[in-house]
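The structure under discussion appears below in the form of structure tokens.
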Amino acid sequence: MIKATYLDGQLLLAMPSMTDPRFDRSVIYICSHTEEGAMGIVVNSRAANIDFSGLLDQLSVTYGSEQQSSEIFSSRVVEAEEEVILHAGGPVEIGRGFILHTADYVQESTMVISETVALTATIDILAAIAQGTGPENYIVALGYTGWGEGQLEQEINRNSWLNIEADEELLFRTDLDLKWARAMAKLGVDITMLSMNAGNA
């Protein structure tokens, strides 16, 4: 009954009145929301100073034996590695990787959030992505965003956030720079009016 008020599987959209500059125009996918707090991944911010191949090197993710290398380093694998955007998922545990992905890929440690979206935080899924055998759609992020008990609810009451149902197109297949505006448009919000009223609340 109370669960209906929780925002698991929804997107949070930062309002112009957001006072924390780290979350300016942020779009955050809420992975877990309970009475004890909430956890989410920023899905429209690029990580600084490291790319996907650099992350794989740091984690010593290998692609297989030398005998297999010609097969494993197919054009699909190389293209996938070049195209993977490493996201800044939030200010908490920024050295830890999280993969938000479609639920066509599930392993024992995967947290299934909805019928279509899941979260996995193991090296195995990174290797699968690098080899072209991972989930169909995914976001690779460093760090996450967290709220303590009642904190997110307070921020929503202060008009810091709007929320909207997530969809795969917006989550996985929209350019980072366009996600916030398109999510606002989906809500029917005129962002030019929001900008004009920012700071007046």
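What follows is calculated from the coordinates using simple rules that are stated; it is not laboratory data. Computed from a predicted model, the values in this text were never measured in an experiment. FYI the Cβ positions are ideal-geometry reconstructions off the backbone, even for glycines, and counts take in every protein chain you see.
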So how far, in whole Å, is the C-alpha centre of the stretch 120-145 from the one of the stretch 9-49?
19 Å
Could you list R25, R46 in order of exposure, starting from the residue whose Cβ has the fewest other Cβ atoms within 10 Å?
R46, R25
